[in-house]
Amino acid sequence: MTIRFADGAGYEPYMGTWSRLVGDTFLDWLAPAPGLRWLDVGCGNGAFTEMIVDRTAPAAVDGVDPAEGQLAFARTRPAARLARFHQGDAMSLPFPDAAFDAAVMPLVIFFVPDPAVGVAEMARVVRPGGVVAAYGWDMPGGGFPYQSLQDEMRALGVPVSQPPSRDASRLDVMQSLWTGADLRDVETRAITVTRTYETFDDYWTIILRGPSVAPKLAGMPPDELAFLKARMRARLSSDAEGRITCKARANAVKGCVKRPY
């Protein structure tokens, strides 16, 4: 079952907000200098691209993604005043060697059919001494923001789509991928974040538009969908004001392209 993100507007509340929560800590960890040329691989609807523009004072930013629907939304963001968005494949980046100072891959590595090729491509397009970095949900460790929803769907016999390279977001696998691409000074870390929804109904409305689950939910019989909703309401405890707080964990990695001396 292939996961496709074509709806940039639907992706924004479902995953864009989560991406930025992790992205704040991730950028603090990278501590980039201003004036860099950035590449955002798998930029999607531009959620993280906009953070690069807003937080790093870049000289230039390019984003690449296979989904034109996502890119169309990205081009409506304020970041488009500087960022350029291209349709393309992470395993065959449409850029020359050493074209960038930094390449990042936010929430994408587990979607790349051959992650080693994707990392090698990022290393190819970054200059010697430049940084190659990524973060992805700790899928095998249960860090995905909607893990509890997936658990309940499976309990009802509803198939749940999984990314093709699910284990690529493990810290040890990330370390191996980066060292395997001959990147130097490789470091990894985990990033835990929380997100608060004002009410359960706010959470459920976002779920119903979630690109990776919406088709499955739409295909459920109404009584089963109502049962799933009740199960999730019971599972996600709320505070005195009715707010729901969810937790997620991502793994991150960074390394430098080897210098020729």
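None of the figures in this text is laboratory data; all of them are computed from the coordinates on show. Being a predicted model, the structure only gives us computed values, none of them experimental. When we count neighbours, we look across all protein chains shown, and the Cβ atoms used for this are built from the backbone with ideal geometry, even at glycine.
Key figures for this structure:
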item	result
Cα gyration tensor shape of the stretch 206-246, rounded if a/c is under 1.5, else prolate or oblate by comparing a/b with b/c	oblate
For the stretch 1-142, average projected area of the Cα convex hull in nm²	8.2
Highest-fluctuation residue, Ala123, Ala155, Ala60 considered, GNM on the chain with Cα pairs under 10 Å	Ala155
Computed Rg/Rh of the stretch 63-124, alpha carbon atoms with Kirkwood Rh	0.96
Calculated FRET efficiency for the pair His86/Lys216, C-beta based, R₀ 30 Å, to 0.05	0.45
Percent RCO, i.e. relative contact order, over the chain, from Cα pairs under 8 Å lying at least 6 residues apart	22
Inter-label distance for Asp185 and Arg209, nm, one decimal - labels placed 7 Å from Cα along Cα-to-Cβ	4.2
Whichever aspartates and glutamates have a C-alpha closer than 14 Å to that of Lys247, once near sequence neighbours (fewer than 8 apart) are set aside	Asp138
Largest to smallest principal axis extent of the C-alpha atoms in the chain, angstrom	64, 37, 34
Cβ-based exposure ranking for Leu156, Leu30, in which fewest neighbours within 10 Å come first	Leu156, Leu30
Two-decimal Rg to Rh for the stretch 176-261 - Kirkwood Rh, Cα set	1.23
Cα-only radius of gyration and Dmax that characterise the stretch 157-214, units Å	17.2, 48
Calculated log₁₀ intensity ratio I(q)/I(0) where the Debye formula runs over C-alpha points of the stretch 116-261, q = 0.10, 0.11, 0.19, 0.22 Å⁻¹	-0.48, -0.55, -1.07, -1.28
Alpha-carbon centroids, the stretch 170-232 and the stretch 53-107: separation in whole Å	22
